[in-house]
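Accompanying notes for the structure given below.
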Amino acid sequence: MMIGYARVSTEGQTLDQQRAALLTAGCKRVFEEKASGAQRGRPELARLLDHLQPGNVVTVTRLDRLARSTRDLLDIAERIGQAEAGLRSLAEPWADTTTPAGRMVLTFFAGVAEFERSLIHERTSAGRAAAKAKGVRFGRPPALSTEQIAHARQLIAEDKKPTEIARLLGVHRATLYRALERADQGH
């Protein structure tokens, strides 16, 4: 059984053309969604994937209606494959996992996506290392300055309770303890 998936990005757009194309292609059921592809939560897509049975073919008018990136497409195609179903795009005939050639093309895309991810990881790591070498700090700025930590130590020496000191400095007691510990370690 062919099952369609149609999606438009904004409320102003209509699903009419996609719906008509999917029904003409032979889809018995069409899951429809008005949601940006960038959104993680696409409930109708999730329902479609949960609804799949072996032998079904998920059909879309174009791949960009289904996935927001190559990685997303590969993840969705993998879920479809795990359900022993196929994937078919009306606009991209090479994207038909019900054929050996379509599965080969998708496998090729998976390899390219993996290669792209590894390049991005390498570049990001090199960039972070270069930035650290230049003295760039990553993460949130410290909650307490060096002067505030010194003031806290002075108050501790005067037998003030850590809870009072933390309240005075406007931080949680655990934050005060972490800041003191980091200062002791020389960070």
- Message: Are there strands (runs of 3 or more DSSP E) fully within the stretch 1-92 with at least 2 residues that are over 21 Å from Arg103 (Cα atoms) and in contact (Cβ under 8 Å) with a residue 24 or more places away in the chain? List them.
- Response: 2-8, 29-34
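Here is a yes/no grid of residues against (1) free of Cβ contacts under 8 Å to residues at least 12 places away in the same chain; (2) basic (Lys, Arg); (3) more than 30 Å from Asp72 (Cα to Cα):
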site	(1), (2), (3)
Val112	no, no, no
Leu119	yes, no, no
Arg137	yes, yes, yes
Ala143	no, no, yes
Ala150	yes, no, yes
Leu155	no, no, yes
Ala166	yes, no, yes
His172	yes, no, yes
- Give me a count of the residues in the stretch 93-107 that are surrounded by 16 or more Cβ atoms within 10 Å (Cβ to Cβ) and assigned to a loop (DSSP other than H, G, I, E, B). 2
- Message: Just to be sure before I move on: is Arg29 touching a strand residue (DSSP E or B) at 6+ places or on another chain (Cβ under 6 Å) and surrounded by fewer than 17 Cβ atoms within 10 Å (Cβ to Cβ) in the structure I sent?
- Response: yes
- Residue count, the stretch 23-47 (criterion: touching a Leu at 6+ places or on another chain (Cβ under 8 Å) and at pLDDT 90 or above): 6
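The values are calculated or read from the model by the stated rules, or taken from the named source; none is laboratory data. Everything numeric in this text was worked out from a predicted model, so none of it was measured. All Cβ positions, glycine included, derive from the backbone under ideal geometry; neighbour counts span all protein chains shown.
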